[in-house]
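The values are calculated or read from the model by the stated rules, or taken from the named source; none is laboratory data. Source: prediction; values computed, not measured. For neighbour counting, all protein chains shown are included, and Cβ atoms are generated from backbone atoms with ideal geometry for every residue, glycine included.
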Amino acid sequence: MSNRKVIDILPPKKSVADFQEKRFEEPERAERIARGERTGAGRWLIFSFLLLVSLGSFCYFTLSKAEINLWPNTEELSLEKSLIVSRGAELVNISSGIIPAQIFQKEKELTDTFQSSGTVLKEEKARGVLRVYNAYSTSPQVLIATTRFVAPTDDGKGKVFRTPVAVTIPGGTYEGGKLVPGEADVEVVADQPGPEYNIDPSIFSIPGFAGTDKYTKFYGRSFESMAGGLREEVAVATKEDFDRAKDSLSKQAKEECEKLLAGELQSEEVSSKFYYFPNESLSEITGEFPMATVGEEVGEFKFQVKAGCQTLIFQKEDLWNITKDSLLPLASQGYKLYEESLKVSYSPQAINLESEEANLLLNASVKAYSGININDFKNALSGKSLLEAKLFLEGQPNITKVNVRFWPFWVGKVPEDFDKIEVNIRIDS
């Protein structure tokens, strides 16, 4: 049998003194904790109460207001009145029913190309230069205007050219015992028009010297072909062409001018300030410019026209002012016009754009309401309770309906500060 060691583990024993110390310590600690909690909760309640009082005071004295809506007595007014819109007027005349007008105008310029319809036979004479030689003598030779020069042709008839002016051919000079011919360049023109005179370089004789020694001693020579001979039908512009071009462009220019005018009238810049008469305009051609002449040899030509168009416009403000000034005398004494309800329409009776006048028939209607002095009401309502305010307002003979609201909800009286009293005039539409 083996020897075993047994060890018992027991908690240490507490002394009676320890137990008594703890018994007296724990109640005292609990009391301190309870007393501290009660102190913090009290402070929080006091803080919250003061915050609410301050917030309420701030709202009452700073944000409080009274909103008062009043519906005054109203009446319907209507008007039918003849008016004259005239450019000759400078100011609105209520008694005469005259409104100043303005001329609103635009211009349109159009250019187009048109074909010539006329024809003519165009004939031109060939021209060229001859070098004429004087191998006859040392003396100069004068050739009168229209002197003939003839070039040989296959048909044996020859082509005749003439000098348009008189010319002098210098005499020759002797060099080494031999006569060197004098010479001069001379312009010549074909005797007849036509392309058959556009001949190649050739030798020309002077038939006027035929039968004399000069015939073989005076001659001409061309070094380039004759040119310019012509015989053909060519187009020309006629008066009928110009009339047709004018009529076509004039109609188009007027139409485009009127479209331009209508577009400008409908623009925000104009329509927001002025009334006008749709489809009523005066247009005319202010200029026409044919870019050719009657009979000019052109296959086509340009034609330009300028059109102007205009109409009458008048200010919306003038019409509304004369309407309001005409309606106000129809209202009961002390009544005001409720301008938001004003309705205005007009119908043209006669428009004369040449005399720059138009007659209109005006139709208008508006609501009028009994005038209310807001400051007097604020003064009377200041400091009154909700019930007192309602009773006071409902007792006013010129008011049909009232609505009074305070803010915040706990405010009990109308503020004494007029800036915190909001009075709104309501007119039922």
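For GLN115, which of the numbered conditions (1) over 30 Å from VAL404 (Cβ atoms); (2) surrounded by 17 or more Cβ atoms within 10 Å (Cβ to Cβ) fails to hold?
For GLN115, the exception is condition (2).
Within region 321-345, how many residues are closer than 19 Å to LEU91 by Cβ and either in contact (Cβ under 8 Å) with a residue 60 or more places away in the chain or surrounded by 15 or more Cβ atoms within 10 Å (Cβ to Cβ) (or both)?
Residues of region 321-345 that are closer than 19 Å to LEU91 by Cβ, as a first pass: 321-326, 328.
Subset that is either in contact (Cβ under 8 Å) with a residue 60 or more places away in the chain or surrounded by 15 or more Cβ atoms within 10 Å (Cβ to Cβ) (or both): 321-326.
Residues meeting the conditions: 6.
So in region 294-338, with the set limited to residues that are more than 23 Å from TYR275 (Cβ to Cβ) and aromatic (Phe, Trp, Tyr), which one is nearest to the chain's Cα centre (by Cα)?
Looking at residues that are more than 23 Å from TYR275 (Cβ to Cβ) and aromatic (Phe, Trp, Tyr), I get PHE303.
How many residues are at negative phi and not in a strand (DSSP E or B) when one looks only at region 77-114?
Residues meeting the conditions: 10.
Given the criteria free of Cβ contacts under 8 Å to residues at least 40 places away in the same chain and within 56 Å of the chain's Cα centre (by Cα), does ASP419 qualify?
yes
Hey, does region 307-328 have a residue that's at positive phi and out of contact with any Asp or Glu (no Cβ under 7 Å at 6 or more places or on another chain)?
Checking region 307-328: not a single residue is at positive phi and out of contact with any Asp or Glu (no Cβ under 7 Å at 6 or more places or on another chain).
Report, by residue number, each residue of region 99-130 that is over 30 Å from ILE322 (Cβ atoms) and small (Gly, Ala, Ser).
SER116, SER117, GLY118, ALA126, GLY128
Working only within region 189-225, note down all residues that are of a type in the set (Phe, Trp, Tyr), in contact (Cβ under 8 Å) with a residue 24 or more places away in the chain and over 10 Å from LYS125 (Cα atoms).
Within region 189-225, PHE204, PHE218, TYR219, PHE223 meet the criteria.
Counting just the residues of region 142-177 that are at pLDDT 95 or above and among the charged types (D, E, K, R), which one comes out nearest to PRO207 (Cα to Cα)?
Per the stated criteria, the residue is ARG148.
Which one of these is surrounded by fewer than 18 Cβ atoms within 10 Å (Cβ to Cβ) and either hydroxyl-bearing (Ser, Thr, Tyr) or closer than 23 Å to LEU77 by Cα (or both): ASN373, ASN379?
Only one candidate qualifies: ASN373.
Are any residues in region 352-370 surrounded by fewer than 19 Cβ atoms within 10 Å (Cβ to Cβ) and either within 16 Å of LYS324 (Cβ to Cβ) or not aliphatic (A, V, I, L, M) (or both), and if so, which ones?
ASN352, GLU354, SER355, GLU356, GLU357, ASN359, ASN363, SER365
Among the residues of region 358-390, write down those that are in contact with a helix residue (DSSP H, G or I) (Cβ under 7 Å, 6 or more places away or on another chain) and of a type in the set (A, V, I, L, M, F, W, C).
LEU362, ALA364, VAL366, ALA380, LEU381, ALA389
Limited to region 165-224, what total is found for residues that are more than 20 Å from VAL142 (Cα to Cα), buried (at least 16 other Cβ atoms within 10 Å of the Cβ) and of a type in the set (Phe, Trp, Tyr)?
1
Considering region 166-181 alone, what residues qualify as being in contact (Cβ under 8 Å) with a residue 40 or more places away in the chain and within 16 Å of THR147 (Cβ to Cβ)?
ILE169
Going through region 232-277 one residue at a time, which ones are under 30 Å from ARG162 (Cβ atoms) and loosely packed, with under 15 Cβ neighbours inside 10 Å? Before the answer, list the steps.
First pass over region 232-277, keeping only residues under 30 Å from ARG162 (Cβ atoms): 232-234, 236.
Passing the criteria: GLU232, GLU233, VAL234.
Does region 65-86 hold any residues that are more than 21 Å from LEU330 (Cβ to Cβ) and loosely packed, with under 15 Cβ neighbours inside 10 Å, and which are they?
Correct list: GLU67 only.
Here's a check for you: in region 115-168, which residue that is part of a strand (DSSP E or B) and of a type in the set (Gly, Ala, Ser) is nearest to GLU233 (Cα to Cα)?
Within region 115-168, the subset part of a strand (DSSP E or B) is 115, 118-124, 127-134, 141-143, 148-151, 159-162, 167-168.
So of that shortlist, the ones also of a type in the set (Gly, Ala, Ser) come out as 118, 128, 151.
Values: GLY118: 10, GLY128: 24, ALA151: 28 Å.
Residue satisfying both the conditions and the ranking: GLY118.
Residue under question is LYS254, and the condition is that it be closer than 30 Å to PRO181 by Cβ and of a type in the set (Lys, Arg); does it hold?
Considered against the rule, which asks whether it is closer than 30 Å to PRO181 by Cβ and of a type in the set (Lys, Arg), LYS254 comes out as no.
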